[in-house]
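**Student:** Pasting in a structure now, in structure tokens, and then I'll have a few things to ask.
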Amino acid sequence: MSEILAENLSGKAVMGSDGTELGMLYNITMDLKTGELADLLIEPDEQLDSTTVAFDSDEEGRFQVPVKRVQAVKDYIVVQR
């Protein structure tokens, strides 16, 4: 995957590989010891039934999507479901 600045990802819409709009990127977590990116935190779309999403959630209800599930970054961030 090509390099993309984090500032270009801020507020970008996130879509599942099945075409489901999951929500908007809220933040990205990382391992402070290794510097590796860990999870995308996604603010769920209000229209989305969150019970149909298999990702873990944080205490605020945001989806935690492992960075390794990112398939593409264009108009949307596309993640494998």
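What follows draws every value from the coordinates through simple rules; no lab data is involved. Given the structure is predicted, the values throughout are model-derived calculations rather than measurements.
**Student:** Using all Cα-Cα distances in the chain, what percent lands in each 5 angstrom bin from 0 up to the longest?
**Tutor:** 3, 15, 29, 28, 16, 7, 2, 0
**Student:** Now for a separate question. Amide H to amide H under 5 Å from Gln71: which residues, 5+ apart in sequence or cross-chain, H placed 1.01 Å off N in plane?
**Tutor:** Amide H neighbours of Gln71: Val78, Val79, Gln80.
**Student:** Then there's this: For Lys33, go through the lysines and keep the ones whose alpha-carbon is under 19 Å away, minus same-chain ones fewer than eight residues off.
**Tutor:** Lys68
**Student:** Can you list residues from other chains, or at least 5 along the same chain, whose modelled amide H is less than 5 Å from the amide H of Met24?
**Tutor:** Val14, Glu43, Asp45
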